[in-house]
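What follows draws every value from the coordinates through simple rules; no lab data is involved. For clarity, every value in this text was computed on a predicted model and none was experimentally measured. All Cβ positions, glycine included, derive from the backbone under ideal geometry; neighbour counts span all protein chains shown.
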């Protein structure tokens with residue numbers, strides 16, 4: 001994974017009662033991952049098992065970005081991303097069963113998804129720590145009256161990711 005790229009970690013616990021291939025499909029419905037992205041299981045045998053992947057690139061967030069718009073949850077997604085912010089790292093919890101059916105339903109807590117939530121971590125380069133708003137304005141822009149207030153372009157985000165000295169312009 002290159003310098004100046006968005007990294008994405010996605011993980012969930014697979015329970016004994018769950019089919020691992022269905023859990024993998026649920027994950028892929030959120031973030032397109034491949035076998036090469038899978039992180040080794042550090043826990044060995046037994047249940048529950050951790051299924052975890054790490055990938056990179058803005059393109060891996062397109063499904064999520066599109067879902068926020070389609071489901072009209074931009075403000076909720078933005079609020080959850082902001083409230084989880086630790087440095088340049090943000091996290092979302094996604095309902096595992098809904099993800100299996102192709103829907104992205106955000107959870108405020110693990111208990112909202114009976115089989116456990118899918119944990120999605122978005123890791124921006126350190127130089128983006130002071131410029132989180134630019135990224136959020138691309139992924140989950142603010143709305144007013146159901147309309148997007150200001151949306152950052154993909155080109156602006158890519159430029160910011162590549163340049164450690166980039167700062168957003170005020171609208």
If I model a spin label as a point 7 Å beyond the Cα along the Cα-Cβ vector, how far apart are those points for residue 50 and residue 89 in nm? 1.2 nm
Length gained if residue 162 through residue 66 is fully extended, taking 0.36 nm per residue and subtracting the Cα-Cα distance, is 32.2 nm
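Which FRET efficiency value, to the nearest 0.05, is calculated for residue 28 and residue 110 with the Förster distance at 22 angstrom and r the Cβ-Cβ distance?
On the way: r = 21 Å, r/R0 = 0.95.
Calculated transfer efficiency: 0.55.
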What FRET efficiency would be calculated for the residue pair residue 149, residue 121, taking the C-beta separation as r and a Förster radius of 25 Å, to the nearest 0.05? 0.40
From DSSP H assignment alone, runs of 4+ in the chain each adding -39500 (n - 2.57), the sum over residues rounded to the nearest 500 puts [θ] at 222 nm at -8000 deg cm²/dmol
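How big is the equivalent ellipsoid of segment 1-98 along its three axes, where each semi-axis is √(5λ) from the Cα gyration tensor, reported in whole Å from largest to smallest? Let's see the in-between values first.
Working: eigenvalues 112, 58, 36 Å².
Taking √(5λ) for each Cα gyration eigenvalue gives 24, 17, 13 Å.
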Cα principal axis extents for the chain, largest first, Å: 52, 37, 23
